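Working notes, structure below.
The values are calculated or read from the model by the stated rules, or taken from the named source; none is laboratory data. All values derive from a computational prediction rather than experimental measurement. Neighbour counts run over all protein chains shown; Cβ positions are idealised from the backbone, glycine included.
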Amino acid sequence: MTFYLDTSAAVAAHTPEAATGRIQTWLGRAGPGALAVSRWVVTEFSSALALKVRTGALTAEQCARVFADWKSFLTAEASILEVDAAAFDRAGEMAGRHDLALRAGDALHLAVAAKHGCTLVTLDERMAKAARQLGVPVAAI
């Protein structure tokens, strides 16, 4: 089984947040070769770190250390899934469904996870609910 780690889970795993302990414990049980992220997660992760610096949640030095840890994590623990045109098209369909209440970026995460048959790992309850409605399995964290 492959688990798709979305940005909310990735950021919490690497920076101090309320769910950091919970997600780190879960990741410790996931096993080698079980994790995947998309190029979109890589982009959002960088944005989230920059936001944490701008808001004072991290210093620039802390940010640099977290980013280095993140790069090591990607190399050692996760495969990186490409985001192709079909994923963007599917994400557009998902985001266009008012009943799902998905933001565009979250729809893209779900489209990639669905395309690759991954189980979603997220701390975002709205995205988890939409995933279930779309038939994308969600990990219990």
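May I ask you to verify whether Ala57 is assigned to a loop (DSSP other than H, G, I, E, B) and either among the hydroxyl-bearing types (Ser, Thr, Tyr) or at pLDDT 95 or above (or both)?
So Ala57 passes the test.
Annotation: of all residues in segment 1-21 being in contact (Cβ under 8 Å) with a residue 12 or more places away in the chain and farther than 20 Å from Ala50 by Cβ, the one that is nearest to the chain's Cα centre (by Cα) is Tyr4.
Table: residues versus (1) more than 16 Å from Ala13 (Cβ to Cβ); (2) modelled with pLDDT of 95 or more; (3) under 13 Å from the mean Cα position of the chain (by Cα).
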{"site": "Ala68", "(1), (2), (3)": "no, yes, no"}
{"site": "Ala76", "(1), (2), (3)": "no, no, no"}
{"site": "Glu82", "(1), (2), (3)": "yes, no, no"}
{"site": "Ala87", "(1), (2), (3)": "yes, yes, no"}
{"site": "Ala91", "(1), (2), (3)": "yes, yes, no"}
{"site": "Met94", "(1), (2), (3)": "yes, yes, no"}
{"site": "Leu110", "(1), (2), (3)": "yes, yes, yes"}
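In segment 1-18, the qualifying residues are those that are more than 22 Å from Ala68 (Cβ to Cβ) and part of a loop (DSSP other than H, G, I, E, B), and the one that is modelled with the lowest pLDDT is Met1. No other residue among Val112, Val138, Val66 is in contact (Cβ under 8 Å) with a residue 60 or more places away in the chain and at negative phi apart from Val112.
Return the residues of segment 60-91 that are surrounded by fewer than 13 Cβ atoms within 10 Å (Cβ to Cβ), of a type in the set (A, V, I, L, M, F, W, C) and farther than 14 Å from Phe45 by Cα; say none if nothing qualifies. Once the filter is applied, which keeps residues that are surrounded by fewer than 13 Cβ atoms within 10 Å (Cβ to Cβ), of a type in the set (A, V, I, L, M, F, W, C) and farther than 14 Å from Phe45 by Cα, segment 60-91 yields Ala60, Ala76, Ala85, Ala86. Of Leu102, Leu51, all but one fail to be modelled with pLDDT of 95 or more, within 17 Å of Thr7 (Cα to Cα) and not in a helix (DSSP H, G or I); the exception is Leu102. Within segment 31-48, being touching a residue at least 40 places away in the same chain (Cβ under 8 Å) and either crowded, with 17+ Cβ neighbours inside 10 Å or part of a helix (DSSP H, G or I) (or both) holds for Leu35, Ala36, Val37, Ser38, Arg39, Trp40, Val41, Glu44, Ala48.
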